[in-house]
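Working notes, structure below.
The values are calculated or read from the model by the stated rules, or taken from the named source; none is laboratory data. None of these values were measured; they are calculated from a predicted model. When we count neighbours, we look across all protein chains shown, and the Cβ atoms used for this are built from the backbone with ideal geometry, even at glycine. For accessibility, only protein heavy atoms count, side chains too; no ligands or nucleic acids. Shrake-Rupley method; radii C 1.70, N 1.55, O 1.52, S 1.80 Å.
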Amino acid sequence: MTCTDANLIEHAASVRERAYAPYSNFKVGAAIIDDKGNLHIGCNVENAAYPIGNCAEISAIASMIASGGSEIRKIAVVGGGETIEPCMPCGGCRQAIAEFSDDNTVVVIKNTDGSASSLTLNELLPHGFRLKS
Ligand code: THU
């Protein structure tokens, strides 16, 4: 599957609508294109016991792994309250993305004005922790 940044943002925005975020009212959607060109989506799923809630990126990564994908080529993240706001992946999600990424992995974020920004994972998580070199 070929997917432009705009397409991937659309998938993330679409799954964001299904987020379960009654506590923060901040819905997030994430969409991944993996090493085989397959699409995986996920949204945040909160819980009354706050710490066990899941971020959207974690949900999308779980979907990728369960479907047999192993590497993230590109991931789009779209989040916000009533309206879309620039939603940078949280620190934990940057580490989770790094687990399945390489130097060329791209993270695409939707801005408030509708435009998209893309960054490499290395820009988001320089000097990140890895067990493997
Ligand atoms: N959230 C994500 O889904 N991804 C992030 O990278 C940042 C935060 C979610 C977690 C929680 O459900 C809500 O946004 C507010 O923090």
- Task: Return the inverse of the average 1/r over all pairs of distinct C-alpha atoms in the stretch 42-87, which is the Kirkwood hydrodynamic radius, in Å to one decimal.
- Result: 11.9
- Message: Just to be sure I understand the model, the point goes 7 Å from the Cα along the line to the Cβ. What's the resulting residue 71 to residue 17 distance in nm?
- Response: 3.4
- What's the FRET efficiency of residue 7 with residue 85 using the Cβ-Cβ distance as r and R₀ = 22 Å, to the nearest 0.05? 0.60
- Message: What are the equivalent ellipsoid semi-axes of the stretch 75-129, built from the alpha-carbon gyration tensor (square roots of five times its eigenvalues), in whole angstrom, biggest first?
- Response: 22, 12, 8
- Query: Carbon and sulfur: what percent of the stretch 5-124's accessible surface (1.4 Å probe)?
  - Reply: 51
- Item | Heavy-atom accessible area order for 36, 110, largest first, 1.4 Å probe | 36, 110
- With DSSP loop assignment and no more than 13 other C-beta atoms within 10 Å, the chymotrypsin sites (Phe, Trp or Tyr not before Pro) in the stretch 1-86 are 23
- Leaving ligands, DNA and RNA out of it, work out the accessible area of residue 18 with a 1.4 Å probe and give it in Å² to the nearest 10. 150
- Message: For the full complex of protein chains and a 1.4 angstrom probe, list 35, 113 by accessible area with the highest value first.
- Response: 113, 35
- Query: Could you give the radius of gyration (one decimal) and Dmax (whole number) of the Cα atoms in the chain, in Å?
  - Reply: 13.8, 42
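Where does the longest stretch of the chain lie that holds no GluC sites (Glu not before Pro) found in a DSSP loop with 12 or fewer other Cβ atoms within 10 Å?
No qualifying site falls inside 18-81, the longest such stretch.
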- Message: What number comes out for accessible area per residue over the stretch 5-124 if the probe is 1.4 Å? Units Å², please.
- Response: 48
- Could I have the simple spin-label model distance between residue 47 and residue 111, label points 7 Å from Cα toward Cβ, reported in nm to one decimal? 3.7
- Item | Partners for residue 36 among lysines (Cα-Cα distance below 19 Å; same-chain residues under 8 apart left out) | 74
